[in-house]
Amino acid sequence: MQRLGFIHDMLDVKVLILFVTARANYPMTLQEIYETCYVDDCLSYFDVCTAIPEMVTSGHLQECEEGKFVITELGREDGATTADSIAFTVRQKAENLINRFNRQIKRSSFVKTQIIPRDGGEYSVIMTLDDEVSNLMTLELVAPDQRQAIRLSRLFEKKAEMVYNLTMAELLDAEDELDD
């Protein structure tokens, strides 16, 4: 029986990994590579787990830090040569997933949180929002317990821009009222 989809053998897996890692702006873990390559039901996690060490050995990928991989110059050259063999729909899906990955990593570099225990069992949650140039906002809130501190941290990571925009709008509206 003929297998449907783009992935038919290990070479197809490696071509797709080269395609994705060439477009990644940041080092990727094995899991992130798998998630951005999973555009075809014929791809399995075990295929990616097998392909990546082989690609490191062949010099197409390099482990740049513990558990994170980047494409090498050899990988870029071979990936550019083989990219045309990827089906158009697979290429489009992979590009969408890698663009989302790049946006998420870039955003996470701008939004930071830190939880610090205080005396009395309370926790300080320090939340910062930066842009490419500098810090836009640093906010410190006190949570009565660790569970709420973690919740504040996670929610700020999701809604940092909204918190910043609401704060700016509220303060600037209040300033207009003072001028009247």
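The values are calculated or read from the model by the stated rules, or taken from the named source; none is laboratory data. Values in this document were obtained by computation on a predicted structure and should not be read as measured data. With ideal geometry, Cβ positions are generated from the backbone for all residues, glycine too; neighbour counts draw on all protein chains shown.
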Residue in region 54-70 that is touching a residue at least 24 places away in the same chain (Cβ under 8 Å), touching a helix residue (DSSP H, G or I) at 6+ places or on another chain (Cβ under 6 Å) and among the β-branched types (V, I, T) present: no
Qualifying residue in region 95-105 (condition: surrounded by 15 or more Cβ atoms within 10 Å (Cβ to Cβ), farther than 30 Å from D84 by Cβ, touching a helix residue (DSSP H, G or I) at 6+ places or on another chain (Cβ under 9 Å) and among the hydrophobic types (A, V, I, L, M, F, W, C)): no
Conditions (1) more than 18 Å from L16 (Cβ to Cβ); (2) outside the structural domain of A160 (by TED's automatic domain parsing); number of the one not met by M127: (2)
Looking only at region 106-144, and only at residues there that are of a type in the set (S, T, N, Q) and more than 14 Å from L155 (Cα to Cα), the one that is surrounded by the fewest Cβ atoms within 10 Å (Cβ to Cβ): S134
Condition met for V163 (in contact (Cβ under 8 Å) with a residue 24 or more places away in the chain, in a helix (DSSP H, G or I) and either outside the structural domain of E35 (by TED's automatic domain parsing) or over 22 Å from Y26 (Cβ atoms) (or both)): yes
Elements of type helices (runs of 4 or more DSSP H) contained in region 2-71, each with 2 or more residues being under 21 Å from the mean Cα position of the chain (by Cα) and farther than 24 Å from N99 by Cβ: none
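For region 138-147, give me the residue count where each residue is in contact (Cβ under 8 Å) with a residue 12 or more places away in the chain and farther than 12 Å from T113 by Cα. Outline the logic, then answer.
Step one: of region 138-147, the residues in contact (Cβ under 8 Å) with a residue 12 or more places away in the chain are 138-146.
From the residues that got through so far, the ones that are farther than 12 Å from T113 by Cα too are 142-146.
Of the residues in that region, 5 qualify.
Any residue that is under 30 Å from L16 (Cα atoms) and either modelled with pLDDT under 95 or within 22 Å of the chain's Cα centre (by Cα) (or both) - is there at least one of those in region 109-120?
Start the filter on region 109-120 by keeping residues that are under 30 Å from L16 (Cα atoms), which leaves 109-110.
Keeping just the survivors that are either modelled with pLDDT under 95 or within 22 Å of the chain's Cα centre (by Cα) (or both) gives 109-110.
Yes, some residue in region 109-120 is under 30 Å from L16 (Cα atoms) and either modelled with pLDDT under 95 or within 22 Å of the chain's Cα centre (by Cα) (or both).
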The one condition in (1) of a type in the set (A, V, I, L, M); (2) under 26 Å from K14 (Cβ atoms); (3) loosely packed, with under 13 Cβ neighbours inside 10 Å that L74 fails to fulfil: (3)
